[in-house]
1. Scan the range 1-33 for residues that are in contact with a strand residue (DSSP E or B) (Cβ under 6 Å, 6 or more places away or on another chain) and more than 22 Å from Val91 (Cα to Cα) and jot them down.
2. Counting only residues that are part of a loop (DSSP other than H, G, I, E, B) and among the hydrophobic types (A, V, I, L, M, F, W, C), which one in the range 1-30 is surrounded by the fewest Cβ atoms within 10 Å (Cβ to Cβ)?
3. Could you list all residues from the range 44-90 that are of a type outside the set (Gly, Ala, Ser), open to solvent by less than 90 Å² (accessible area, probe 1.4 Å), within 19 Å of Pro30 (Cβ to Cβ) and not in a loop (DSSP other than H, G, I, E, B)?
Amino acid sequence: MAAKLRKGDKVVVLAGKDKGKEGTITSVDPQAGKAVVDGVNIAIRHTRQSQTSQGGRLPKALPIDLSNLALLDKNGKATRVGFRMEGDKKVRYAKTTGDVIDA
């Protein structure tokens, strides 16, 4: 199946403890159906000090399910993603505005 959400997309969280928060996707795991988003689903990880890192209580963004994310269109509203052919290229577009997401 084609990737509706990709690295670098601006998204909003639809469900869960971070509902309504916005962020940018830093990584996607299509096999598991999860993505890591900046500033969303943050957990504290206790890390041991080493010669290279300070250690302590470090915040870390954990993966969130793709079904709980929606792409933001140019108006800043949540939208679904569709696919269409433009010439000989398959492109993603926002269903609310009809604008092409990636050229």
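The values are calculated or read from the model by the stated rules, or taken from the named source; none is laboratory data. Since this is a predicted model, take the numbers as computed values, not measurements. So basically every Cβ, Gly included, is an ideal-geometry build from the backbone, and we count neighbours across all protein chains shown. Only protein heavy atoms, including side chains, enter the accessible area calculation; ligands, DNA and RNA are left aside. Shrake-Rupley method; radii C 1.70, N 1.55, O 1.52, S 1.80 Å.
1. The answer is Leu14, Lys19, Lys21, Glu22, Gly23.
2. First pass over the range 1-30, keeping only residues part of a loop (DSSP other than H, G, I, E, B): 1-9, 14-21, 30.
Filter once more, so that each one left must be among the hydrophobic types (A, V, I, L, M, F, W, C): 1-3, 5, 14-15.
Details: Met1: 4, Ala2: 9, Ala3: 12, Leu5: 18, Leu14: 14, Ala15: 12.
Ranking the candidates gives Met1 first.
3. The answer is Ile64, Asp65, Leu66, Asn68, Leu69, Leu71, Val81, Phe83.
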